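Following: one structure in structure tokens, then a few remarks.
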Amino acid sequence: MESQVKQSDPEVAAVRPPARPRGWWRALIVTLFALAFVAGGVGFVGFLSQLRVDELKPASRADGIVVLTGGSSRVSDAVELLAGGYGKRLLISGVHPTNRINDISRSVPDSQALLDCCADLDRSAVNTRSNAAETRRWVHERGFRSLIVVTSNYHMPRAIVEMSHAMPDVTLIPFSVVSEKWRDEPWWTSGPTMRLLLSEYVKYVAAEVRVRLADLGLELSPEIGDSPAAVVPSRKTAKAGAN
């Protein structure tokens, strides 16, 4: 009886906090997730719009050419550009420490003399960020002011982010390598290709965020999830007809 009296005491009721509307926080969380999903979807579409679906020769020549190892036919395409006079020298970045020019020439027919003459190997880079750092060192040692960047089409957006951040004073000319599978099979019909693109998009966003924070003086740890380079068998981005 005494407890009932206490509960009905007007003084007690006066200090009791008002009840919060139920479910408001759930609605907030759902809204935030929905906004994040929409933003991610829009960003992914923008990322896809940057990817080339065919290969064309660069619209202009450059002082040097760099190829980032890790995808099929990247090196052979870069050697072809070098042979065509699109650059004075070629840097093959991300080569396995045990590989030599002879190992690479065996995977690219009739390239031995050209590689002996005009190619350099970077065995230090293990990811896209270190590719950019080693390329910067090579470019500055050579005094180059323009560079053709050769890598797979899905990797190109992130490569340009890293390269332009490392070398803002060098003009970059992208040359996207497009595999036969990419040309023959729409990406949305292939589970592995879809997973590859989603993974690369996440890495691209992480690189963009890290670079923008670095511009503000905030350095973060190396890029998330970037795998080591594979063994071979001004933020000026010039507009090239191929890219």
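A short reminder: the numbers here are calculations on the coordinates, not readings from a lab. Fair warning: this is a prediction, and the values are worked out from it, not measured in the lab. With ideal geometry, Cβ positions are generated from the backbone for all residues, glycine too; neighbour counts draw on all protein chains shown.
For each of 163, 156, count neighbouring Cβ atoms within 10 Å of the residue's Cβ, then give the residues from fewest to most. Intermediate results must be reported in sequence, preceding the final value.
Values: 163 28, 156 24.
So the ranking, lowest neighbour count to highest, is 156, 163.
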Enumerate by residue number the chymotrypsin sites (Phe, Trp or Tyr not before Pro) in segment 158-187 meeting two conditions: DSSP loop (anything except H, G, I, E, B), and at most 11 other Cβ atoms within 10 Å of the site's Cβ. none
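What shape does segment 38-174 have by the C-alpha gyration tensor, where a ≥ b ≥ c are the square roots of the eigenvalues, rounded means a/c under 1.5, and otherwise prolate means a/b greater than b/c and oblate the rest? Walk me through the numbers on the way to the answer.
Numbers: a/c = 1.62, a/b = 1.52, b/c = 1.06.
Since a/c reaches 1.5 and a/b is larger than b/c, the shape of segment 38-174 is classed as prolate.
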For the ranges 164-174, 79-89, what's the packing order if you count other beta-carbon atoms within 10 Å of each residue, average per peptide, and put the highest first? 164-174, 79-89
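Listed highest first by mean packing, meaning other Cβ atoms within 10 Å per residue, what order do 29-40, 60-71 come in? Don't skip to the answer; put the middle values down first.
Details: 29-40: 10.4, 60-71: 23.0.
Output ranking for 29-40, 60-71: 60-71, 29-40.
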Could you please report the charge total around residue 183, scoring K, R as +1 and D, E as -1 over all other residues with beta-carbon less than 12 angstrom from its beta-carbon? -3
Per residue, what volume in Å³ does the Cα convex hull of segment 111-188 take up? 121
Calc'd 3J(HN,Hα), segment 141-153, phi into Karplus 6.51 cos²θ - 1.76 cosθ + 1.60 (θ = phi - 60°), Hz, glycine/Pro = x, comes to 5, 8, x, 7, 10, 9, 8, 8, 9, 10, 7, 5, 4
Taking the Cα centre of each part, how many Å lie between segment 175-212 and segment 63-88? 21
Using amide H atoms built in the peptide plane, which far-off residues or other-chain residues are under 5 Å from residue 96 H to H? 232
If amide H atoms are built 1.01 Å from N in the plane of the peptide, which residues on other chains or at least 5 residues away come under 5 Å of the amide H of residue 63? 145, 146, 147
